[in-house]
C-alpha cells in the first residue's frame, strides 16, 4: 500500500490507458458472441493484429518508464497474456511469413542504431576484452550451453549445439536500456554494449551455419559451413562499409539530401542494406547494418550529430511490437513441458557458463573482480535470440526434424528468466560490487549571457560539469573560450537535447530573458529527461507565467523572485559587479526580514548557498539562513560599501570563497576585457 500511495496522477492515467487498451478488445469479444471467437476472428486480419501489438507494446514501454522497470519485463508478460494460451486475442501465426519480414526490418533498424553509438576510441581501450567475448566467449557459451542441454534435458547433440549457438547473443535491445537505467562505470558499459552489438553479428552467423550443418551433417557440410560463415562476414562487412561511406558522402555533400530528409533516408538505406545483404548471403544483413552504423557513427562532423541520435524512439517502438509478437508466438505448454530440467539449464547458463566465459575472456586485462562479477551476472538475451529461434523452429519443422518447438521454448525461457532476474537485480548487483557510475553532477544552463556564465563558473569551482545551450553565436563563443561545453541552437531542438547527455545532468537552470521560454525548457527536461532539480529565472520585463504553473511542475524560481536580468548582465560586462561571500553568524528571522525588505536588497543578487563546505543549491527562496551558511552574492560596485555595512549590522560576516578552487569573482566569470554591454 505505501508503494501505491506514491503513484502520481500521471502514472494512474497511464494505467487507465493500459486498462482501456486491454478492455476494448474484451468488450469487442463479448459483443461478438462471447468467448474469444469474435476477437480472434477480428485479429486474424494482419493489419489489425500488427496495429494492436504496436499499441500494446508502446503502452508497456510507457508503463515501464513510469514504474522504472525494464520495458521487456512488461512486454514479455503482455505478449503471453494476449497470446493464444491465455486471452487468445492475437496469434502471430496468422501473420505467416509477414512476421519474419517484420522482424527483419525491425532488427535492421535496431542494430543500425545500436552500432551507430559505438565509439571507436572507447572500444579500442577495451578491445582485448570485447574481442575475446565475441570470439572465445562465443565458443565457451556454445559448448557450455550445449553440454547443459545435453545432460540436463537429455537432448541429442544436434539440438543441444543449436541451443548453444542461439544463446551466444545478448543484444542491444535489452542491454542498452538496462545500462541507461543502472548507470554503471563507462568502461563497463562500453564492453557490454559492444558485446551486445558485435555478439549479435557473430551469434546469428554461427547459429545459421550450425543449422545448415545440422540439416545435412557431413565433413563436407562442416567445411562449407566454415566457408559460409567467413563469406557472410566478408559480404556483410564490405557491403556495410560501402553503404556507410555512401551515406557519409551524401550527408556531407550539403546538397544531395534536402534538409529534414536525412533521418528517413538513413532509415530506408539501412533497411535496404540489410535485405540486400541477406539476399546475397543468408543472415549477413546483421553484419552489414552493424558495419554501416559503426562506419557512420565514428566519423566526426556537425552534419552527423543528428544521425547519432538516429531514431531512438523508433527503436523503442519496434522493440515493443517485436517482443509482444514473439512472446505471443511461444506456446506455454512447450515451456511447461521442459519442466525443472529447463530451469536448471537456464541457471547453468547464468551461473556457470557465463562466469566461465567472462573469466577466460577478461584474463590478463585491467578489469578487477568487481567488473568481472558484474559482467558475469549481466547477460540477458534479446530480440535476435528470439527471432532466430523462431526461424529455427520453422526450418526444423519443414525438414521433418523434431525438437524445433522445444528449442524455441527453451530460448524463450532463457530470455524471460535472464531479463526478469538480471534486469530487476542489475542495479542492486552493480551497487553491491561497486561498479555504479558516480552520482550525476552535471548542470545544463539555458542561456550563455554574462550572468549565466558567471553562475556557471561558480558551479564549476565546486566540481560541477557545466554546459550551456544558446542560439546566440557571440555568447556561445565566449562560453567556449572560457572552457565550457556549449551546444549552439534552439533549446527545443530534439536532436540538440539528446546531445546534452541528460543522463549525467542533475540540475537544469533556465536563464534567458524570456520567462516563458525558461519555464517551457525546465518543465520539458524535468519531465522527459528526469532532471532532478530545475530552476527558472523570471525577468521583470517578461510576461508573467500562469499562476501555480511552477509549483505544479516542481520547478523553483532562481533568485527567489523576478529580477532584472539584463541589468545584471550589463553590470558584469562592464565589470561593475562582483561576487562576494557572506557567512550567517547571528542572523535572526527579524534581521533577515529587515534586510530583504530594505532598499539595500535590490543592490545584490543572491546566487548560491554553501553549507559545511558543500554546495547546496542556487538560491530559490528568501528563507532565514542557518547559522554557518555561506551565501554568494553578486553585488553592484556602487553599493558594495553600503551593503557591507548593512550585512554586518544584520549578523553576516564576509569570508573568502569557501573552496580553494574558487577563483576571484571576475576570473570565475571569465569576463573578456573591453566587452560591450549587451543582454541576450
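Any read-out appearing in this document is the output of simple, stated calculations on the displayed coordinates, not a laboratory observation. This one's a predicted model, so the numbers in the text were calculated from it and none came from an experiment. Cβ coordinates were reconstructed from backbone atoms using ideal geometry, including for glycine residues, and neighbour counts include every protein chain displayed.
Residue separation of residue 432 and residue 86 scaled by 0.36 nm, minus their Cα-Cα distance, works out to 120.7 nm of gained length. Distance from a point 7 Å along Cα→Cβ of residue 299 to each backbone N in the stretch 226-259: keep the residues under 16 Å and list them by number. Output list for this probe position: 238-257. Net length available on complete extension from residue 124 to residue 551 is 149.0 nm, with 0.36 nm assigned per residue and the Cα-Cα distance removed. Packing order of peptides 283-292, 436-445, highest average first: 283-292, 436-445 (average count of other Cβ atoms within 10 Å over each peptide's residues). Sketch the reach of a paramagnetic label on residue 495 as a point 7 Å from Cα along Cα-to-Cβ, and name the residues of the stretch 220-255 whose backbone nitrogen lies under 14 Å away. What the label zone holds, given the 14 Å backbone N cut-off, is 248, 250-255.
Classify the stretch 285-422 from the C-alpha gyration tensor, please: rounded if a/c falls under 1.5, else prolate or oblate depending on whether a/b exceeds b/c. Note, shape of the stretch 285-422 comes out oblate. What separates the Cα centres of the stretch 459-524 and the stretch 396-435 is a distance of 42 Å. Packing here is the average count of other Cβ atoms within 10 Å per residue, and on that basis the peptides 447-456, 67-76, 528-537, 103-112, highest first, run 447-456, 103-112, 67-76, 528-537. Measuring between their Cα centroids, the stretch 219-270 and the stretch 161-190 lie 23 Å from each other. Once both labels are positioned 7 Å from their Cα atoms along Cα-to-Cβ, the gap between residue 157 and residue 637 label points is 8.8 nm. For the pair residue 185 and residue 614, a Förster radius of 30 Å applied to the C-beta separation gives a FRET efficiency near 0.80, rounded to the nearest 0.05.
In this simple spin-label approximation, residue 242 and residue 44 carry label points 7 Å from Cα along the Cα→Cβ vector, and these lie 4.5 nm apart.
A simple packing score, the average count of other Cβ atoms within 10 Å per residue, orders the peptides 77-83, 557-563 as 77-83, 557-563, with the highest score first.
Annotation: the residues 553, 389, sorted from fewest to most other C-beta atoms within 10 Å of their own C-beta, follow the order 553, 389. When 60, 476 are sorted by how many other C-beta atoms sit within 10 angstrom of their C-beta, beginning with the fewest, the order is 476, 60.
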